[in-house]
Amino acid sequence: MLRARVAAVLLVAASLTAGCSDDPPDDAPGPDRPTRTVPPRPPRLERTGPPVEVTVLQYNIQFADAGIDGVARDIRDSGAEVVLLNEIDDRRSTGGLKQAAYLAEELGMSYAYDGNGDVRDGVRGNAVLTSWDITYVRRYVLPRPEGTEQRGLMNVVVRDSDVQLDVWTTHLNPDVGTLEQARRARTIIGRPDCATVFAGDLNVRPYRNPPQIFREHLGDVWRYVGEGVGGTNRAGDRRIDYMYFRDLEPLTAVVAERGASDHRRLVATFRADPRDNC
C-alpha cells in the first residue's frame, strides 16, 4: 500500500515563455528571481525515525474574487502544512496585490508562485504555501494549444527535520489540450521511487482519460480513503480537483464545504515513513 505523508511546499516561478519544447525551460530558486539554470537536486534524506503525519490541501481559489482574507481563513481552517493553490495571480486590475506573498505572510508560511502567463486581469498561475523547508524548485512548461492559456507543472522538494518528499502541482486546460497536457505531465513526473504528492485542478471527471493517466504510476487518494462523490466544483457533484500519492500511506480525504471560492477544498492526511524519503 502506498504510504502517506506530505509536507510543506514552496515553489517559485516567474516569467514564462510561450509554447512548449521537448526540453521545457526551468526556473527559479526564489519567489522573485527567475533563472534558466536547473538547480542541483538535493540528496535523498536518510532517516529512520517514526512515521510523521502531514495534511495537504488542494484548492482552486478563483483569484480570490470573494476576498483574499476569506481564502486565508479557508487555508487556516484546513490545518494543512502543505497548500497547493490554483488560479492565483497578481491581479493588475485590482491594484496588483501579490496574492501568494500576502497569503504566506498572513499564515506565517513560505511561498512560491508560478505565473504561467498574462491574462486580462494579471499574471495567472499556481502557488504553494508551506510550513516546511524548500530544498529544490523546478518548473516545466506544458503544451499550449492555439488560443488557450499557457499552463505549467511545478515540482518542489520539501522537508522537515525527518521527512523529505516530492511535491508537484498543475492546473490543466478545460477540454482543449487537457489530454496532451496530462500525458506530458505524466512523462515528466515518471514513476516516483520515493514519497510523492501530486495535486491540481484537472478540469475533468474521474472517468475521463487524464485522471486515469496519472493513476498509472500514482494512487488517487479519494479512491483509497474518500467517501461519496468527492465533488470539488461549485455544486459539489463533480470531481475536478485531484490529489495523487506514492510511497505514502493515505489516512483521510475530505471535501470541505464551499468557502471563498467556486471550488471546494480537497484536504487529505498522509503518514510518511522517513525510510521512503526523497
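The values are calculated or read from the model by the stated rules, or taken from the named source; none is laboratory data. The structure displayed is predicted, hence computed values, not measured ones. Virtual Cβ from ideal backbone geometry, glycine too; neighbours counted across all protein chains shown.
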Could you tell me which of the residues 215, 208, 191 is within 17 Å of the chain's Cα centre (by Cα), more than 28 Å from residue 77 (Cα to Cα) and surrounded by fewer than 22 Cβ atoms within 10 Å (Cβ to Cβ)?
215
Output for region 261-278, where each listed residue is more than 17 Å from the chain's Cα centre (by Cα) and outside any loop (DSSP other than H, G, I, E, B):
271, 272, 274, 275, 276
Only one of 229, 267 is out of contact with any helix residue (DSSP H, G or I) (no Cβ under 9 Å at 6 or more places or on another chain) and among the aliphatic types (A, V, I, L, M); which?
229
In region 84-100, which residues are aliphatic (A, V, I, L, M) and either modelled with pLDDT of 95 or more or assigned to a helix (DSSP H, G or I) (or both)?
84, 85, 100
Give the residue that is surrounded by the most Cβ atoms within 10 Å (Cβ to Cβ), with candidates limited to residues of region 101-143 that are modelled with pLDDT under 90 and assigned to a loop (DSSP other than H, G, I, E, B).
121
Using beta carbons and a limit of 9 Å, which pairs, at least six apart or on different chains, have the first residue in region 94-123 and farther than 27 Å from residue 79 by Cα and in contact (Cβ under 8 Å) with a residue 24 or more places away in the chain and the second one among the acidic types (Asp, Glu) and in a strand (DSSP E or B)?
119/89; 121/89; 122/89; 123/89
Yes or no: region 72-80 includes at least one residue that is at pLDDT below 95, aliphatic (A, V, I, L, M), in contact with a helix residue (DSSP H, G or I) (Cβ under 8 Å, 6 or more places away or on another chain) and not in a loop (DSSP other than H, G, I, E, B).
no
Going by what's in this entry, would residue 177 be described as buried (at least 17 other Cβ atoms within 10 Å of the Cβ) and small (Gly, Ala, Ser)?
yes
Applying the selection to region 68-84, what residues are of a type in the set (A, V, I, L, M), closer than 16 Å to residue 132 by Cα and touching a residue at least 60 places away in the same chain (Cβ under 8 Å)?
80, 82, 83, 84
Pair list, Cβ < 6 Å and 6+ apart or interchain, from region 256-277 residues that are touching a residue at least 40 places away in the same chain (Cβ under 8 Å) to residues that are assigned to a strand (DSSP E or B) and among the hydroxyl-bearing types (Ser, Thr, Tyr):
265/59; 269/55; 269/252
Kindly evaluate residue 75 against the criterion of being on the phi < 0 side of the Ramachandran plot and within 13 Å of the chain's Cα centre (by Cα).
no
